[in-house]
Each structure stands twice: as C-alpha cells, then as structure tokens.
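Working notes, beginning with the structure itself.
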C-alpha cells in the first residue's frame, strides 16, 4: 500500500512524505495524520475481557480463588470467541496489530483473529495437572501439538505456552520445549512474577527461576519470558547469553502488587530484547499499549529516581517490536498538540487511534472498523459476559 | 437540568433512573451513557500545554534551565490565553469541569475559562524575586490582590499561590497568607516535592517543610498543599490537626523522578482531604484525570505491595472532590465493557468522554464541544506554540 502525505516515525526521525507499506497498489491518504508502527502486545490472555472488573480490588489469591478460577471453569468455546472479538476491538481502537496470547480454547481466539484481520501467536496454557480443558499434561501437550500441526503460513500462528514453573513439573516443561523446537515456534511462560515464586523455586531446586529454567534447557533463542520482575544479575547474564526475550508487563505487576520492578535498563544494557505486554484485561484492566508505554516509563523513572530512564523512544521500540503494520493518530488530536515532539506526545499524552493498516489491508479507517460489525460484536459480548458471571 | 434515563454513580452504588443536576428545566437524554461526577483537577499550570513535549527526557534541572525557563520568559498574555484554551479542550474531552491553577498572566486563563464554560480557581505564582511578570514580591502580591478584588461570584475565582518555600522568604509567605485570609480564599503552594527540598529546609530551619509552614502560620483550613510526596508522620498529624488539604500528583512525581511516594493511606487514615492533580502538561504530559486515577492507584499498590490499596472508589473520590458537574461515557465504549463494575472500568480502563454538563449547561454533547469553536482554538494554539518555541 502507498501511504500518501504521511508524517511518520522512521525509527530515528519524524519524516514527511509518501511511505510504502505492503505490496498492494492501493493508496491511503494520511494527510493530517501521524503514522507510527502498530503495537505488538507481547503478553495477553485475550478472552479475559469477559471478566474485566470482576472481583476488582481483591487480593491476588482471593481474586483468583473467588472470581477468576470459578468463572473460568464455566468457559465455553463460544464465550472465548466472543471475549476475543471484544478484545480485538479494543486492540484495533488503541493501535495494536499483533499479540502473543496464552489462553484456553485458543482455536476460538484464532478464528476471531482471522476474522479481525490482525496478527497473533497463540498458545494453550499447559499445566501438569488437569483443567476443565484437558485431562492432564499429556492431553494439554497433545492439544498444543494439534494446534501446531494445523498451522498455515499467514497472520495467525501458534506457540507452546507452559503456564509457569510452579504449575508444571520438570517433565512437562521439558516436553513443552521439545514441542517448541520440533515445530520451530516460540516457547512462552510466566516467570519470576512474584517474590514468593522465586523463593519457592530456590527452596525446591537451590536455583532462582531463570537459573532453573536454564538448567533444564528451557532458556534459548525461542524462549519468551513473561514478567521477569524479580531477577538476579546472574539471571540477566544468562538471559543475554542464551538470547532469550523478555516481555515486561508493568501495569499488571503494579496492579497485582507483585512488588518487584523489572530491571529494564540492566536487561537492555545486557543486550536482551525486551517487549511490552498488557497481560489480560482482568489484571490491567485494559489492552491499551499507549498506556502501557507511559506507565512502564513512569515506573522506571520513579523507581530509579532518574527522569531520563526509559525514555519515550525506548518505550515505543519495546511496544512495537518487529511491527510491519501502521497505526494513525490525527495530528490535530488535542493530546498530540503541539508538535514539539510527536514521539513524546504519543507515549506520554496519547490520542485516539483513527486508522489501522495490517498486512496491506485497512482494518480501521477514520475511526470506523471495516473488518467486521463492531456493534454486533459488542452485543454478543455483553450476552456472553452476563452469562459467564451469572 | 433533568438527566433522563441515566446510569449513574451516587457515591455508593450504580443507580438507573432520572437525575437532577442544576436548576434549569432543560432535559438531557443520557440513555446508553454512564454519568459520573466530572473531575476536579487539583493542580495545573494550564497554559503549559504550549511546551508539551519540549525538552522531554532531560533531567529536571536541565529541563527547567534549558527549556522551560527560557521559554517562559517569552510568554505573552495572548500566548497564555491560547495555551489555556487548548488545555480546556483537553479537560473537556477527558471529563474535567473544575481545576486549581497556578500560572502567569492568570487573568488570560480566567478569560479562557469564562469562554469555555468550565470552573476554575486561579492564582499567580508568587516568588520573592522578580520575574518577567512582576518586579518583586511586593509587585506579585499587588497583582494577586488586584485579582482578588476583581472576583465576582461565578465559575471563576482566584486564590493566593506562593510558589514554594524555596522560592519565597518568610516575609513573602506570611504576607501571602494574610492576603488569602483577608479575601477568604485558598492558599496553595508546592511543598515537599523532592527530598532535596526537605533536606534543604531542615538544614536552614531545623524543621521539615510542613512543620516549618506550620511554625509560620501557613498551615490552616484554607491551605492546599501540592505534592507532599515526602512527609514525616509528625507532618501528617499536623496537616490533619490544621485541617489543611493535600493534592497528590502521582504522574508528575513519577515522571520527574522525585523519588518519594506520597503516603496516601496514612493521610486518608488521619482524616486529611486528599485530591488529585495532573500538574502541568509539560510534566505529565497530559491533563487527563482518568489516567491520573489509574496511575495513582497503581503507584500505591506497587509501592505498598498491596493490591487492595488505593482502590477504584478511593481514586474516583479523590479525582472528583466537591464536583457538582457531570461527565458521560458511552456504556457501549469498548473500554467500559463488560458492566461488572463500572467504577473499576472508569478508573482502570477508561473510555472516551462524550458529554459534559457544567453549571447547568451542556459544554460537550455527543463528542462535540458546543461552548466554542474547537478547530479555531487548535489553529490559534499551533501558531502560538510555534512562535513560543521558535
């Protein structure tokens, strides 16, 4: 597609002119709009939009025990589809074109992503014990392999997503890794989110979580570590040496009061690739990467007593890793004014995303979603969320 | 005004039905919308929208020395008017109806507020030394008194705003207090924002900043303390005993890396009235109270390792102190879905404000500002900000 009259960020500077994105000959007039790489949300549980706000303000364990787990037991494929569609509306409206997701009935999320025109890499959360979605770890791995076998080149892919080291035994983790390597896909898992997790791991294995992961061969180039809020310097070196990636979820860490502040600059200085994720809408409570950039930056500045930490360009880079797509905000949006520093405006002030182009196709134009009927999605979603929390 | 078919928060519960706001017989159909008290922004430097994004990422002192101070020297009444008008657009679009402001050429901000239909209490920053806006402290106090004398009952009032204890000598602070008492208005000042300020004060006076304020009679019912991020327990008791109020500016404190985390729950437990403020658009970089609520809550939860800290209702109360006005968000906004907990959605997820009713008058309806020509304001503002930073 040829983007005419664009004001865009080329990764270094703000440039004005025409911009090519994708192969088609279609033209898109971007006059008066600021184009930036669409966001890549590194960690979500998309269909958890269904539970947004439910049990809010409870302590983490009570919230999980009283609200999330009992509710999740009642999930059906249809409910997950509807929850995913609503999450996609929110992503489109906040400028996200791609995400890495971990949730149940993930084939339903895949259907929703196909319909939306966005991109995603999806994984079934694997645990060593049975859940309402599978009998046991073997069954979970079988489901994951079925997904991997079904993959076709395109916008939607799968990954292998063992939930965490505390919900998986070594055997399951090891088999998950084999699966990821066999199909050459990402292996993603929650790690070092809370201090308790780290201490428990150390008591059990004599090693810190990332050190333990490495000892069983799970730290590699295709590993995507989620949270990594509590890390030792030794673990940072290991992550860098193994060329694993990390996804930082600052809002979720703060909202769930996990205590640790991810050592962002130590990771970046070590050369680690760090992305940004919102986590699920139940623990954020939004899927808005603009907000995630601002809050991620503020958390580092505040924690380090350093106003130059985690600057706007660093946050934008983290929020748009590998992005090939384009999102647009009106240059006339009150929150984008004045135009002294458009990147700073985008990260700290925001503005409404008006257009989104994904994979050479216009998904949203002038605030209207073209890819599907948004109103119908919302009606179906409200029915679904009411039924689920009934 | 009679608000028909409203879904609204009465301070305890979500209620559906008709709602009276103001005395007029006009009717407003709120079908499908969530009505909540419009925000009261407790600390702003409104016209600093002109500098939003300029010098972003610099250290505090360099940013002030290289960007803010040289720029402020070139301010004119007309530039302040235009900057204020843009700030008012942002406030309207994010649901704020009232604010407490401290800036130069504040009569221009008053004109802008009158035009916008919003409410405000405004004060000229008073310092002991001369500025481009006045010769010396005496001149500043004279300007402040001229403003106070000009006050008429209505939406716009004035206050007395000595900048801080570090930019004012005791004599000036004392005379500012006399002026506030004489006209029965607020006295507002920045206090205990950085650790340096506290240590400097203690070295000079043997007292911590709030303790010092109290010792010279400046801590009283009409005192509004801004920031108060670094407080001792003794100072919290003093604030409570004197019935002074505090405005918390979490985003500004985090962005400028002032280090201290305001002891919110200690202040609330002591019975202190605590409001919320964005600070200027140059140090935030927005005037969005929805974001301020979310980030304020996250900061407390994260800092205290307590997911139940600073819950949604507490934050909404702080953000809407004394509000008589109404803001509306569509119940169908993707970020307000589902409807398990509308207050939690408002605080943590947000949504676009569609309507604003202030003082019995519709300022914005269905996303359109009725009170003035928004496009003209933006054009004038862009000219002004370009001229200022030239």
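The values are calculated or read from the model by the stated rules, or taken from the named source; none is laboratory data. Nothing here was measured: the structure is a model prediction, and the numbers come from that model. Cβ sites come from the backbone with ideal geometry, for glycine too, and all protein chains shown count toward neighbours.
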TODO: Scan the stretch A:254-276 residue by residue and report those that are closer than 21 Å to residue B:300 by Cα and in contact (Cβ under 8 Å) with a residue 40 or more places away in the chain.
DONE: A:254, A:256, A:257, A:258, A:259, A:260, A:261, A:264
Task: Subset of the stretch B:369-384 [more than 8 Å from chain A (Cβ to nearest Cβ), over 19 Å from residue B:94 (Cα atoms) and surrounded by fewer than 21 Cβ atoms within 10 Å (Cβ to Cβ)] - done: B:376, B:379, B:380, B:383
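Which is under 29 Å from residue A:53 (Cα atoms), touching a strand residue (DSSP E or B) at 6+ places or on another chain (Cβ under 6 Å) and more than 8 Å from chain B (Cβ to nearest Cβ), of A:287, A:276, A:267? Lay out the reasoning, then the answer.
Working: A:287 fails: touching a strand residue (DSSP E or B) at 6+ places or on another chain (Cβ under 6 Å); A:267 fails: under 29 Å from residue A:53 (Cα atoms).
Going through A:287, A:276, A:267 in turn, just one is under 29 Å from residue A:53 (Cα atoms), touching a strand residue (DSSP E or B) at 6+ places or on another chain (Cβ under 6 Å) and more than 8 Å from chain B (Cβ to nearest Cβ): A:276.
Quick check on this structure: which one of A:189, A:167 is out of contact with any strand residue (DSSP E or B) (no Cβ under 7 Å at 6 or more places or on another chain) and either over 27 Å from residue A:89 (Cβ atoms) or assigned to a loop (DSSP other than H, G, I, E, B) (or both)? Give the derivation first.
Working: A:189 fails: out of contact with any strand residue (DSSP E or B) (no Cβ under 7 Å at 6 or more places or on another chain).
Only one candidate qualifies: A:167.
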- [ ] Only one of these is closer than 26 Å to residue B:344 by Cβ and at pLDDT 95 or above: A:252, A:258, A:283, A:245. Name it.
- [x] A:252
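Among the residues of the stretch B:197-209, which ones are surrounded by 14 or more Cβ atoms within 10 Å (Cβ to Cβ) and assigned to a helix (DSSP H, G or I)?
Step one: list which residues in the stretch B:197-209 are surrounded by 14 or more Cβ atoms within 10 Å (Cβ to Cβ), which gives B:197-198, B:200-202, B:205, B:207-209.
B:197, B:198, B:200, B:201, B:202, B:205, B:209, listed by residue number.
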Task: Residue selected from the stretch B:26-39 under the condition buried (at least 17 other Cβ atoms within 10 Å of the Cβ) and in a strand (DSSP E or B), by the criterion farthest from the other protein chains (Cβ to nearest Cβ) - done: B:28
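Here is a list: B:366, B:322. Which entry is more than 10 Å from chain A (Cβ to nearest Cβ), surrounded by fewer than 21 Cβ atoms within 10 Å (Cβ to Cβ) and over 30 Å from residue A:377 (Cα atoms)?
Criteria check complete, one pass: B:322.
Take the stretch A:340-356 and flag every residue that is within 9 Å of chain B (Cβ to nearest Cβ), within 23 Å of residue B:84 (Cβ to Cβ) and crowded, with 19+ Cβ neighbours inside 10 Å.
At the first step, the residues of the stretch A:340-356 found to be within 9 Å of chain B (Cβ to nearest Cβ) are A:340-345, A:347-350, A:352.
From what is left, the residues that are within 23 Å of residue B:84 (Cβ to Cβ) are A:340-342, A:344-345, A:348-350, A:352.
Listed by number, the residues that qualify are A:340, A:341, A:342, A:344, A:345, A:348, A:349, A:350.
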TODO: Check residue B:387 against each of (1) within 11 Å of another protein chain (Cβ to nearest Cβ); (2) free of Cβ contacts under 8 Å to residues at least 40 places away in the same chain; (3) surrounded by fewer than 18 Cβ atoms within 10 Å (Cβ to Cβ) and name the one condition it does not meet.
DONE: (2)
- [ ] May I ask you to list the residues in the stretch B:65-80 that are surrounded by 14 or more Cβ atoms within 10 Å (Cβ to Cβ) and within 14 Å of chain A (Cβ to nearest Cβ)?
- [x] B:66, B:67, B:68, B:71, B:79
TODO: Under 7 Å between Cβ atoms, at least 6 apart or on separate chains: pull out the pairs that start in the stretch A:60-78 with a residue that is in contact (Cβ under 8 Å) with a residue 60 or more places away in the chain and end on any residue that is part of a helix (DSSP H, G or I) and surrounded by 13 or more Cβ atoms within 10 Å (Cβ to Cβ).
DONE: A:68/A:51; A:68/A:282; A:71/A:51; A:71/A:388; A:71/A:389; A:74/A:388
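Results for (1) assigned to a helix (DSSP H, G or I); (2) touching a strand residue (DSSP E or B) at 6+ places or on another chain (Cβ under 6 Å); (3) within 14 Å of chain B (Cβ to nearest Cβ), shown as yes or no for each residue.
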position: A:41; (1), (2), (3): no, yes, no
position: A:55; (1), (2), (3): no, no, yes
position: A:63; (1), (2), (3): yes, no, yes
position: A:91; (1), (2), (3): yes, no, yes
position: A:98; (1), (2), (3): no, yes, no
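Just give me the residues in the stretch A:171-217 being touching a residue at least 60 places away in the same chain (Cβ under 8 Å) and within 21 Å of the chain's Cα centre (by Cα), in sequence order. Break it down stepwise before answering.
Taking the stretch A:171-217 as the starting set, the residues that turn out to be touching a residue at least 60 places away in the same chain (Cβ under 8 Å) are A:185-186, A:188, A:192-195.
The answer is A:185, A:186, A:188, A:192, A:193, A:194.
For the structure I just gave you, tell me whether residue A:322 is touching a strand residue (DSSP E or B) at 6+ places or on another chain (Cβ under 7 Å), more than 19 Å from residue A:11 (Cα to Cα) and in contact (Cβ under 8 Å) with a residue 12 or more places away in the chain. Write out each step before concluding.
Details: touching a strand residue (DSSP E or B) at 6+ places or on another chain (Cβ under 7 Å): yes; more than 19 Å from residue A:11 (Cα to Cα): no; in contact (Cβ under 8 Å) with a residue 12 or more places away in the chain: yes.
Answer is no for this residue.
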- [ ] Just one of (1) surrounded by 23 or more Cβ atoms within 10 Å (Cβ to Cβ); (2) over 13 Å from the mean Cα position of the chain (by Cα); (3) within 7 Å of chain A (Cβ to nearest Cβ) trips up residue B:308, so point out which.
- [x] (1)
- [ ] Can you confirm whether the stretch B:126-133 contains a residue that is within 16 Å of the chain's Cα centre (by Cα) and within 16 Å of residue B:48 (Cα to Cα)?
- [x] no
Task: Odd one out for residue A:297, checked against (1) buried (at least 20 other Cβ atoms within 10 Å of the Cβ); (2) within 14 Å of chain B (Cβ to nearest Cβ); (3) farther than 19 Å from residue B:58 by Cα - done: (3)
Open item on the list: Being surrounded by fewer than 21 Cβ atoms within 10 Å (Cβ to Cβ) and at the interface with chain A (Cβ under 7 Å from one of its Cβ atoms) is the filter here; which residues of the stretch B:325-339 pass it?
Closed with: B:332
Open item on the list: Suppose we filter the stretch B:245-262 for residues that are crowded, with 24+ Cβ neighbours inside 10 Å and more than 9 Å from chain A (Cβ to nearest Cβ); how many remain?
Closed with: 6
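Would you tally the residues in the stretch A:224-247 being part of a loop (DSSP other than H, G, I, E, B) and in contact (Cβ under 8 Å) with a residue 40 or more places away in the chain? Lay out the reasoning, then the answer.
Here is the first cut: in the stretch A:224-247, the residues part of a loop (DSSP other than H, G, I, E, B) are A:228-232, A:243-244.
In the following step, the residues that additionally are in contact (Cβ under 8 Å) with a residue 40 or more places away in the chain were identified as none.
Qualifying residue count, the stretch A:224-247: 0.
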